[in-house]
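Just so you know, all these numbers are worked out from the coordinates, no wet-lab data involved. If you're wondering where the values come from, they're calculated on a predicted model, not measured in any experiment. Backbone-built Cβ (ideal geometry, glycine too); neighbour counts: all protein chains shown.
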């Protein structure tokens with residue numbers, strides 16, 4: 001009796017595993033094709049049946065592709081934009097989170113709900129007036145125009161507030177009794193306890209910032225300020241870039257988010273499952 | 001203790017209203033700390049939202065001063081074929097990628113819910129597509145979906161995915177499914193983990209089979225999660241821009257031009273700011289209605305308090 005139950009459980013597990021493996025294979029198929037393709041000679045990219053092992057393996061595709069597509073400047077621009085937006089949010093979201101979590105002031109609840117509402121306001125419905133405002137500021141085709149308008153993360157404020165709420169107020173009060181200024185309390189008491197949350201926030205903001213396409217498309221005019229996604233999209237529309245180069249550049253673009261994922265996988269998955277808001 | 005569990009629970013639920021109270025201190029300091037980021041929200045989110053409405057009442061092409069036309073832009077949209085086609089494309093995309101991603105995500109979550117060999121590795125594999133650069137993926141998927149591409153090759157078919165009005169939206173949706181199934185998997189996994197073990201155990205002892213368990217315990221208890229997932233899907237549909245812009249340019253014959261893409265083309269390519277703003281306002285009102293529902297949903301979740 002017990003043995004047959006054990007057998008049945010093992011066989012269901014085997015079925016589960018088989019289905020999972022099949023689904024994983026389907027999920028990984030496009031990635032495998034992209035990565036192997038980026039290492040192939042051009043004429044093997046579209047070989048049918050798919051040639052999974054490039055012959056010869058051409059790592060030289062990578063430097064060649066970056067050079068042929070002039071991709072180092074866009075990569076640099078993306079690094080600048082992403083790190084600026086991460087830095088802005090690390091500072092401003094934790095400040096605001098501290099303000100919302102540990103202080104009482106008139107209109108606090110309304111203000112916080114207002115911030116929450118921002119998480120549901122997509123750029124798509126404000127892109128036209130936002131462009132007009134940024135144009136009025138004379139910020140079209142500038143770094144500040146590229147960085148500031150889409151920088152603030154409402155999710156970040158919410159996230160930091162939730163986290164700072166869990167820090168016992170006694171710490172804050174004790175420091176205050178010792179005569180620390182409010183800003184010192186923030187820097188010396190709150191921030192050191194927020195490191196795990198700041199890591200998560202940095203990764204989440206970094207991921208979406210690296211991925212941003214619509215706003216750069218609107219605000220960037222020339223080649224100089226083009227971010228990596230913009231330059232990538234242009235490769236496609238120009239249709240002059242050899243396919244194995246396109247694949248190599250795509251892999252390069254995917255490496256930073258992949259590293260971030262490997263580095264902070266637990267935090268990313270946790271924050272997605274807790275809030276469901278990227 | 002009671003406060004701690006309540007806080008832990010609200011953290012799990014993802015939303016809680018601010019506690020009343022908190023330590024009494026100088027009122028203005030807290031407000032001061034929130035101001036820098038509030039300023040960014042006001043300047044670049046709130047102001048544009050109001051401004052969209054103002055612009056939508058004018059005709060404006062950036063070069064000649066705007067002229068006030070009242071609600072003419074809105075009335076024009078009612079009879080505008082392009083607008084309704086874009087609405088159709090957006091709804092179609094949402095229906096094509098949404099339910100398929102939910103089902104896949106749910107299936108995977110069910111398969112990964114209990115211990116199994118390589119559980120964490122599987123979870124990572126399925127989740128990874130959601131974080132990869134979506135532009136890079138759109139460009140490469142356009143190659144994957146070519147007539148002589150590997151997807152046709154492996155399936156031994158020759159579907160002109162992106163160049164045929166019948167299949168272009170479906171082709172783009174395949175990318176959407178690939179990218180969102182893992183996202184929904186994570187959300188469903190969290191939902192499944194919140195169902196008390198004792199409940200399923202009790203039902204099992206009472207002789208409930210896997211299907212009965214699913215129908216009478218798991219699915220009903222996940223209802224709040226489904227509501228969130230549906231809202232997220234609708235918003236994602238309304239936002240969809242880059243796959244269309246990159247993979248098909250909205251074509252062939254505008255068969256993949258989404259609402260977001262129409263706003264972009266009307267406003268920034270054809271310089272009809274008023275008309276583009278009017279579409280934006282309609283989208284905004286739609287999102288606003290959805291937001292109200294969304295917050296209701298969260299309140300429902302709090303009431304259920306699983």
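7 Å from Cα along Cα→Cβ at both residue B:198 and residue B:64: what's the point-to-point distance in nm?
7.4
Is the shape of the range B:82-304 rounded, prolate or oblate, going by the alpha carbon gyration tensor and its root eigenvalues a ≥ b ≥ c, with a/c under 1.5 for rounded and a/b larger than b/c for prolate?
oblate
Determine the distance separating the Cα centre of the range B:150-223 from the Cα centre of the range B:75-143; give it in Å without decimals.
Rounded to whole Å, the Cα centres lie 11 Å apart.
Ranked from highest to lowest mean number of other Cβ atoms within 10 Å per residue, what is the order of the peptides B:228-238, B:145-155? Let's see the in-between values first.
Details: B:228-238: 20.0, B:145-155: 17.5.
Final packing ranking: B:228-238, B:145-155.
Among B:163, B:210, B:291, which one moves the most in a GNM of chain B with springs linking Cα atoms closer than 10 Å?
Among B:163, B:210, B:291, the largest GNM mean-square fluctuation belongs to B:210.
Quickly rank B:178-191, B:48-61 as a protection proxy: mean count of other C-beta atoms within 10 Å, highest first.
B:178-191, B:48-61
I'd like the distance between the alpha-carbon centres of the range A:207-252 and the range A:54-77, rounded to an integer number of Å.
Each part reduced to its Cα centre gives a spacing of 13 Å.
If you take the beta carbon distance between residue B:253 and residue B:285 as r and set R0 to 35 Å, what does 1/(1 + (r/R0)^6) give as a FRET efficiency, to the nearest 0.05?
FRET efficiency, residue B:253 to residue B:285: 0.75.
Please average, across the residues of B:115-124, the number of beta carbons from any other chain that are within 10 Å of each residue's own beta carbon, and give a whole number. Before the final figure, lay out the partial values.
Working: counts 1, 4, 4, 4, 1, 3, 2, 6, 2, 4.
That average works out to 3.
So how far apart, in nm, are the two label points at residue A:13 and residue B:71 if each is 7 Å from Cα heading toward Cβ?
6.5
Once the Cα gyration tensor of the range A:1-156 is diagonalised, what are the square roots of 5 times its eigenvalues, in whole Å and ordered largest first, as equivalent ellipsoid semi-axes?
Details: eigenvalues 398, 232, 39 Å².
After scaling each eigenvalue by five and taking roots: 45, 34, 14 Å.
Distance in nm between label sites at residue A:169 and residue A:188, each 7 Å beyond Cα in the beta-carbon direction?
About 2.2 nm separates the two model spin labels.
Which value in deg cm²/dmol, rounded to the nearest 500, describes the helix-derived mean residue ellipticity at 222 nm for chain A, given -39,500 (n - 2.57) per DSSP H run of n ≥ 4 and division by the residue count?
Working: 12 runs with 190 residues, N = 278.
My calculation for chain A gives -22500 deg cm²/dmol from helical runs alone.
May I ask you to give the average projected area over all directions of the convex hull of the Cα atoms of the range A:2-59, in nm² rounded to one decimal?
Mean projected area of the Cα convex hull: 5.4 nm².
So, R0 is 51 Å and r is the distance between the beta-carbons of residue A:177 and residue B:124; what FRET efficiency does that work out to, to 0.05?
Efficiency, rounded to the nearest 0.05: 0.65.
If neighbour count is taken as other Cβ atoms inside 10 Å, put A:93, A:194 in order from fewest to most. Kindly include the intermediate steps, with their values, before the conclusion.
Values: A:93 27, A:194 20.
Lowest count first: A:194, A:93.
Can you give the average number of partner chain beta-carbon atoms within 10 Å of each beta-carbon in peptide A:111-121, as a whole number?
Going residue by residue through A:111-121 and averaging, the value is 6.
May I ask for the angle, rounded to the nearest 10°, between helix A:127-136 and the longest principal axis of chain A, with both axes built from Cα atoms and the value confined to 0 to 90°?
Value to nearest ten degrees: 70.
Using Cβ counts within 10 Å as a stand-in for footprinting exposure, how do A:103, A:171, B:74 rank, fewest first?
The most exposed by this proxy come first: A:171, B:74, A:103.
Can you classify chain A as rounded, prolate or oblate using the Cα gyration tensor, where a ≥ b ≥ c are the square roots of its eigenvalues, rounded means a/c under 1.5, and otherwise it's prolate if a/b beats b/c and oblate if not? Don't jump to the answer; show the numbers that get you there.
On the way: a/c = 2.44, a/b = 1.27, b/c = 1.92.
Oblate shape, in that a/c is at least 1.5 and b/c is the bigger or equal ratio.
If r is the Cβ-Cβ distance from residue A:72 to residue B:206 and R0 is 56 Å, what FRET efficiency results, to the nearest 0.05?
With R0 = 56 Å, the Cβ-Cβ based efficiency is 0.30.
Over the C-alpha atoms of the protein assembly as shown, what are the Rg and the largest Cα-to-Cα span, Dmax, in Å?
For the protein assembly as shown, the Cα-based Rg and Dmax read 25.1, 86 Å.
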